[in-house]
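Input: a single structure, listed below in structure tokens.
The values are calculated or read from the model by the stated rules, or taken from the named source; none is laboratory data. Because the structure is a prediction, the values reported are computed rather than measured. Positions of Cβ are generated from backbone atoms using ideal geometry, with glycine treated the same way; all protein chains shown enter the neighbour counts. Side chains are part of the model used for accessible areas, which takes the heavy atoms of the whole protein and leaves out ligands, DNA and RNA. Shrake-Rupley method; radii C 1.70, N 1.55, O 1.52, S 1.80 Å.
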Amino acid sequence: CEDELQERFRGCMLGAVLGDCLGGPLEFKNGNNSFPFSRLKREFRLYDAWEPERDGVLEFTDDTAMARQLAYSLLETRTHLDPRNLARRFVDEYHREQGRGYGEAVTEVFEKLHKSDCRDPYGPAKEQFKTEGSFGNGAAMRVHPVAMFCHGRSRTELLEMADASARITHSHQLGVRGAQLQAYAVSMALDGVDSKAFLANMLELVESFSEDPKSKHTYRYKFEIMRKALATKNDDLAIALGNGVAALHSVPSAIFSFLRAQSPIEQLRDSSRFVRTVQLAISFGGDTDTIGSMAGAMAGAYYGEVDVPENFLDVCEGVYDAIKQADGLVKLVRENLDSD
Ligand code: R7I
Ligand code: MG
Ligand code: MG
Ligand code: MG
């Protein structure tokens, strides 16, 4: 492809939507358990013979609903992230389509933002969970447009904007860090960083978090498990890395899926690299739409639109908007870089 950036941006937006739509029907459908690869293969075979007139469309969920508002907000304000604009967009999106499967607690934030006309876009999130803030993965699942917007900028800028986008709904440190880790992962995928450097950079960022080194409830602990599993090609990490709605128990799982699927997986040998990433992510079970979407954003960014099978475009809702947004962001990023 002549335009590598467009390939990667389209892949990223598409990958996130597809992971969300494909993972959606399986969200907590096996309790908290993982799915065997055979189940994923069976599920994905249906999509090969999909006929939209007969089979309808797999709907996107809150993950995509929020990600697209983040993208639209950046496309509107163009040079920066405006938290009030973003908060208003989240609220309007939620009121238009409340049935997208939002997290149980985050809807309170939307109601409070609505009542206060988003005067303090960060206020309501701070009141969540007795003022501890939410540690859900809702800030991480929507953050990939920030990584695209910050393409070519410093890591500091990226992490600051990820933080600013996260705190509108998630003020717990684990929720914010989850968004920063996902933003950094997508940003490196857009840059085509190879897996060895990618993991080293992630570990370095995690080390910079001032966490208790002995705690099992930290990102550092998760990445240590991941590093060992990647060295031994162990695929069965749903229990060790987690598959829940907490950012801590899902963001590392998505990153692992992206890295692990760069090498062949015997039982998924018929799938393309993009597809086997999403399959591995969904096989974690539990919060499958979100783990699938986060892994899909990374894989799409890394492999590009070319690796996304065309048949999925007829299966999933929202793909054409995703492509348009990606193209808008490519143009915007080029303009911003030129004017610097
Ligand atoms: O994080 P959030 O937007 O939810 C995203 C998830 C994704 O899987 C979507 O696909 C959708 O299904 O929901 O929404 P929140 O409501 O902020 O957090 C999600 C859930 O995490 C909450 O409903 C709680 O169960 C849990 N949670 C917490 N529990 C205790 N203490 C989040 N933060 C806390 C906490 O501080
Ligand atoms: Mg969802
Ligand atoms: Mg590049
Ligand atoms: Mg989910």
Set ALA67, ALA139, ALA125, ALA87: member being within 14 Å of ligand 2 (Cβ to nearest atom), assigned to a helix (DSSP H, G or I) and surrounded by 20 or more Cβ atoms within 10 Å (Cβ to Cβ)
ALA67
Hey, PRO145 in contact (Cβ under 8 Å) with a residue 60 or more places away in the chain, more than 16 Å from ligand 4 (Cβ to nearest atom) and not aromatic (Phe, Trp, Tyr) or not
yes
Could you list, in sequence order, the residues of the stretch 273-295 that are more than 10 Å from ligand 1 (Cβ to nearest atom), of a type outside the set (A, V, I, L, M) and over 16 Å from CYS12 (Cβ atoms)?
ARG276, GLN279, SER283, PHE284, GLY285
Can you tell me which residues in the stretch 1-57 are of a type in the set (Asp, Glu) and in contact with a Gly (Cβ under 6 Å, 6 or more places away or on another chain)?
GLU7
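Hey, does the stretch 280-298 have a residue that's over 18 Å from the mean Cα position of the chain (by Cα), away from ligand 3 (no atom under 16 Å from the Cβ) and either open to solvent by 10 Å² or more (accessible area, probe 1.4 Å) or at pLDDT 95 or above (or both)?
No: zero hits.
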Take ALA240 and tell me if it is closer than 22 Å to VAL278 by Cα, without any contact (Cβ under 8 Å) to a residue 24 or more places away in the chain and surrounded by 14 or more Cβ atoms within 10 Å (Cβ to Cβ).
yes
Segments classed as helices (runs of 4 or more DSSP H), wholly inside the stretch 150-266, with at least 1 members that are over 27 Å from ALA87 (Cβ atoms):
173-190, 195-208, 219-232, 238-241, 251-260
Tally time: how many residues in the stretch 204-229 are open to solvent by less than 40 Å² (accessible area, probe 1.4 Å) and either of a type outside the set (Phe, Trp, Tyr) or touching a strand residue (DSSP E or B) at 6+ places or on another chain (Cβ under 6 Å) (or both)?
9
From the list ARG269, ARG273, ARG334, exactly one residue is at pLDDT below 95 and either open to solvent by 10 Å² or more (accessible area, probe 1.4 Å) or closer than 18 Å to GLY192 by Cβ (or both). Which is it?
ARG269
Return a yes/no flag: does the stretch 100-112 have any residue that is farther than 30 Å from GLY286 by Cβ, away from ligand 4 (no atom under 16 Å from the Cβ) and either in a loop (DSSP other than H, G, I, E, B) or open to solvent by 10 Å² or more (accessible area, probe 1.4 Å) (or both).
no
In the stretch 2-48, what residues are among the aliphatic types (A, V, I, L, M), more than 10 Å from ALA297 (Cα to Cα), open to solvent by less than 40 Å² (accessible area, probe 1.4 Å) and away from ligand 4 (no atom under 16 Å from the Cβ)?
LEU5, LEU40
Out of the stretch 162-194, which residues are buried (at least 24 other Cβ atoms within 10 Å of the Cβ), within 13 Å of ligand 1 (Cβ to nearest atom) and of a type in the set (S, T, N, Q)?
SER165, THR169, SER171, GLN182
Count of residues meeting criterion [under 17 Å from the mean Cα position of the chain (by Cα) and over 20 Å from GLY304 (Cα atoms)] in the stretch 248-279:
6
Pair list, Cβ < 7 Å and 6+ apart or interchain, from the stretch 114-128 residues that are under 11 Å from PRO83 (Cβ atoms) to residues that are in a loop (DSSP other than H, G, I, E, B) and of a type outside the set (S, T, N, Q)
PRO121/ILE168; TYR122/ARG167; TYR122/ILE168; ALA125/GLY133; ALA125/ARG167; ALA125/ILE168; ALA125/HIS170
